[in-house]
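J.: Before I ask anything, let me first share the structure, which is written out below as structure tokens.
The values are calculated or read from the model by the stated rules, or taken from the named source; none is laboratory data. This one's a predicted model, so the numbers in the text were calculated from it and none came from an experiment. Reconstructed Cβ throughout: ideal geometry from the backbone, glycine too, with neighbour counts over all protein chains shown.
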Amino acid sequence: MTKRRGLGKGLSALIPESNMPLDTAGLKTIAVTAISPNPHQPRSHMDEEKLEELAASIREHGLIQPLIVNEYEPGKYFLIAGERRWRACQRAGVEMVPVVVKEATAQDMLELAIIENVQRADLNAVEEAVAYRQLMDEFGLTQEQVAQRMGKSRPAIANAVRLLTLPEAIQEAVVDGQISGGHARTLVSLPTEKVQLDFLIQLLRWGWNVRQTEAYVRALVSLPTEKMQLDVIKQIAKHAWT
């Protein structure tokens, strides 16, 4: 089993690894209404059913793990980690919540939000790519620096960000759960936007898994670009099911 890389330098002081005890320095109880969401939160979608399940659990057992927050004004806090738990507390009617107050820069808050979501598989592939791109654009980080902070390899970051070159319709299909990040990464190798969109139509029609998609894309890219027409894609799709 491959050992998961640790957090980047400085980040472990703000949010511990899953197998490490939480530093309770700064632990206090505050009103849930005193907390605002992390302005750098990369996640744009939350599973409503899972949120309701978590709210029911909190209603029954209380919030066991403290939220991590940053006090930006006296008595006012931004979430650093735990937005799903915070929203579930609101749904559960919880008025006071345990928090650990930490100092954090804007870059820290974005990095930590990404790490929390990626480690818990809460981001879809496009949200993850947008977050990495934001780190590079807003804070001037290289792909290598992002990789170090996220505990990932540089190729993993490069492959993630490459999804943002795809047409908007394909990115939306990932966000909506119609196709996976694995499907989308395969479509990056197709040479033009039109070919990518034509292929998406067949992918959605036939419901190919990632391995099938990879095989059909390999068959397609072996052809000259001018022959990558919709009819040819349909023939590949038809052949796959005969």
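J.: Filter region 115-140 down to the residues that are modelled with pLDDT under 85 and in a loop (DSSP other than H, G, I, E, B), then identify the one that is surrounded by the most Cβ atoms within 10 Å (Cβ to Cβ).
T.: Applying the filter and picking the extreme gives LEU123.
J.: Ok, one more. May I ask you to verify whether VAL130 is assigned by TED's automatic domain parsing to the domain that holds LEU204, touching a Ser or Thr at 6+ places or on another chain (Cβ under 9 Å) and of a type in the set (A, V, I, L, M, F, W, C)?
T.: Details: assigned by TED's automatic domain parsing to the domain that holds LEU204: no; touching a Ser or Thr at 6+ places or on another chain (Cβ under 9 Å): yes; of a type in the set (A, V, I, L, M, F, W, C): yes.
So VAL130 does not fit the description; no.
J.: β-branched (Val, Ile, Thr), out of contact with any Pro (no Cβ under 9 Å at 6 or more places or on another chain) and in a loop (DSSP other than H, G, I, E, B): is that true of ILE179 in this structure? I'd like the intermediate steps shown before the answer.
T.: Working: β-branched (Val, Ile, Thr): yes; out of contact with any Pro (no Cβ under 9 Å at 6 or more places or on another chain): yes; in a loop (DSSP other than H, G, I, E, B): yes.
Yes, satisfied.
J.: Please work out if GLN196 is farther than 19 Å from ALA113 by Cα, assigned to a helix (DSSP H, G or I) and among the polar types (S, T, N, Q). I'd like the intermediate steps shown before the answer.
T.: On the way: farther than 19 Å from ALA113 by Cα: yes; assigned to a helix (DSSP H, G or I): yes; among the polar types (S, T, N, Q): yes.
Against the criterion (farther than 19 Å from ALA113 by Cα, assigned to a helix (DSSP H, G or I) and among the polar types (S, T, N, Q)), GLN196 qualifies.
J.: Are any residues in region 95-114 among the β-branched types (Val, Ile, Thr) and surrounded by 21 or more Cβ atoms within 10 Å (Cβ to Cβ), and if so, which ones? Talk me through it step by step, then tell me what you get.
T.: Taking region 95-114 as the starting set, the residues that turn out to be among the β-branched types (Val, Ile, Thr) are 97, 99-101, 105, 114.
Within region 95-114, VAL97, VAL99, VAL100, ILE114 meet the criteria.
J.: Residue pairs, Cβ under 8 Å, 6 or more apart or interchain, first in region 84-95 and over 18 Å from GLU49 (Cβ atoms), second basic (Lys, Arg). List them.
T.: Correct list of pairs: GLY93/ARG59; VAL94/ARG59.
J.: Moving on. Tally time: how many residues in region 48-94 are in a loop (DSSP other than H, G, I, E, B) and either hydroxyl-bearing (Ser, Thr, Tyr) or surrounded by 12 or more Cβ atoms within 10 Å (Cβ to Cβ) (or both)? Please lay out each step first, then the result.
T.: Here is the first cut: in region 48-94, the ones in a loop (DSSP other than H, G, I, E, B) are 62-66, 74-75, 82, 92-94.
Filter once more, keeping what is either hydroxyl-bearing (Ser, Thr, Tyr) or surrounded by 12 or more Cβ atoms within 10 Å (Cβ to Cβ) (or both): 62-63, 66, 82, 92, 94.
Here the count works out to 6.
J.: Condition check: within 22 Å of THR165 (Cα to Cα) and touching a residue at least 60 places away in the same chain (Cβ under 8 Å). Does VAL126 satisfy that? Give the derivation first.
T.: On the way: within 22 Å of THR165 (Cα to Cα): yes; touching a residue at least 60 places away in the same chain (Cβ under 8 Å): no.
Judged against the criteria, VAL126 is not a match.
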